[in-house]
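Notes for the one structure printed next.
The values are calculated or read from the model by the stated rules, or taken from the named source; none is laboratory data. What you are looking at is a predicted structure, and each value in this text was computed from that prediction instead of being measured. Cβ placement follows ideal geometry from the backbone for every residue including glycine, while neighbour counts extend to all protein chains displayed. Accessible surface is based on the protein model in full, side chains and every heavy atom, while ligands, DNA and RNA are left aside. Shrake-Rupley method; radii C 1.70, N 1.55, O 1.52, S 1.80 Å.
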Amino acid sequence: MIKVKSLRFRMSVWYAVVLSACLMFYGASMYIGVSGYLYRTLRKSVEHDARTIADKVLPNVSSKGFGYLQQSLDGLDPQVTARFIRVSNSSGNVLYVSSQPFDKSFDPRLIPFRAIAEHSEVAKSVEGAGRFPILIDVLPYAAPGGETYFIEVGANTQRISTMVRGLGVSLLLGMPILIAIAIGGGILVTRNAMQPLDDIAERAERITSRNFGERLPVIKTGDELERLTISLNRMIVRLQDAFAHIERFSADVSHELRTPLSILRAERELLLQRRDLPADVRDKLALSVEEIDRLARIVSQLLEISQLKAGAIRADPHPIDLGKMAIDTAEQMLLLAEIKAVKVVYEINPDCYVEGDAALLRQVIANLLDNAIKYTPQGGQITVATRQSGSRTILEIRDTGIGVAREDIPKMCQPFYRADEARTRTTSGAGLGLAIVRSICTAHAADISIESTLGVGTAVSVEFRAAAAPARLDAQEPMIDVSPDS
């Protein structure tokens, strides 16, 4: 599909327009110039012939007679050269007229008398003489004896007309071909010129927070592209330093907060063991312990995200039956679903194996199920599915919950992001579950995608690279349907 707004397309269009205009201007100029040159050359030729007759033939007519005129002008071979020659006097009497040329391109007898006493005339069109105009030069000549003669010399414009018409046809037929070839070459040149930008964009798309060590290819051309790639690489270095600083800060803060939170929790638990505490103080202490636990979970999750991004948590990959793990994890969380009367359905296809760390993948499933249970109303349904599609193994958690607006979906995996106030009021949590899921998926080279519709539900899919099944594994049923009533 052609991208009309792309720089490559706009450059090609501008190149085509400018080139077409230049070629058409050049073709028109060449047509007019060649045509004018040929007509000027023919005009000078007939003028020269008329001047030659006036200078060398007519001065001797009075002494040698009109037979000399006939003989001299026939010697110019007008039949061979296809020249029209006519000599007349001031009385209008024709003293000489050439015969019809051998090519019969015109008939001299049909050419009207064009002489004008005062000056010479060049007639571009003479009707009735032939299919093509006759270019005629009229030259008056005053003899020494006082007699005035009119010399008419003309030439057929057939050859010029044929050449000009052929040139026009060649331009009309050849110009589009030349323009098409030039445009095609321009597109290739533009494509080759823009290819480095495509390479830069493709490499830039692959650079994420986990591979900031990669750099864009520097094109050693000494032009704007080289300066651009150098500037972008410097920007990547600055971003890498900023991300590293943020991750170090997050990890340090999370680590430093764990000990004070543990001390606060221990002190309040000791106070709760005292029997002389008033009931209202005991309730407040219990509430503070719950809040400390919530802060501790947030700190632990932040630390886990930081460690995953920094690569401090090393995965221990081995073949895992993703379907069996999904069922086992869901069974452990089934009590939470039963409290809300949420039905859990399994759609587990056999032999869905992936290469990964069991503890981390179990946390992915647990976090996704926890979100689904939280945001699915009473009496809803959650579907846990695994399937294989080509070289990919897919885990999918679908629910019939409250859903998420389309514009909020790209932000759902950001830390601390909550889609709306309704989700914040109805559930607890800091909005770190999906952020942890994304970090674990990134560590396993897996892709996470979310589809959601407000009031309908949400479907979260995680695509892993499929792995070969181990030599010996217990078989399991492909499809299981489990509900809180079972």
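Could you tell me whether residue 248 is closer than 30 Å to residue 296 by Cβ, in a helix (DSSP H, G or I), at pLDDT below 75 and of a type in the set (D, E, K, R)?
Taking the combined requirement at face value, the residue satisfies it.
Kindly indicate which of 163, 175 is under 30 Å from residue 73 (Cα atoms), in a helix (DSSP H, G or I) and not aromatic (Phe, Trp, Tyr).
Testing whether each residue is under 30 Å from residue 73 (Cα atoms), in a helix (DSSP H, G or I) and not aromatic (Phe, Trp, Tyr) leaves just 163.
For residue 186, state whether it is surrounded by fewer than 12 Cβ atoms within 10 Å (Cβ to Cβ) and either over 30 Å from residue 24 (Cα atoms) or not hydrophobic (A, V, I, L, M, F, W, C) (or both).
No.
Among the residues in segment 110-122, are any open to solvent by 30 Å² or more (accessible area, probe 1.4 Å), among the small types (Gly, Ala, Ser) and modelled with pLDDT under 60?
yes
Failed condition for residue 399, given (1) surrounded by 21 or more Cβ atoms within 10 Å (Cβ to Cβ); (2) of a type in the set (D, E, K, R); (3) in contact with a Pro (Cβ under 9 Å, 6 or more places away or on another chain), with all others met?
(3)
Can you pull out the helices (runs of 4 or more DSSP H) entirely within segment 1-110 that have at least 3 residues that are under 30 Å from residue 195 (Cα atoms)?
So the answer is 7-56.
Across segment 350-365, what is the total count of residues that are in contact with a Ser or Thr (Cβ under 6 Å, 6 or more places away or on another chain), under 16 Å from residue 385 (Cβ atoms) and surrounded by fewer than 20 Cβ atoms within 10 Å (Cβ to Cβ)?
Counting residues in segment 350-365 that are in contact with a Ser or Thr (Cβ under 6 Å, 6 or more places away or on another chain), under 16 Å from residue 385 (Cβ atoms) and surrounded by fewer than 20 Cβ atoms within 10 Å (Cβ to Cβ) gives 0.
Can you name the number of the only condition in (1) modelled with pLDDT under 80; (2) outside any helix (DSSP H, G or I) that residue 424 fails?
Residue 424 satisfies every listed condition except (2).
With respect to residue 33, is the statement that it is modelled with pLDDT of 90 or more and either open to solvent by less than 90 Å² (accessible area, probe 1.4 Å) or more than 30 Å from residue 201 (Cα to Cα) (or both) true?
Answer is yes for this residue.
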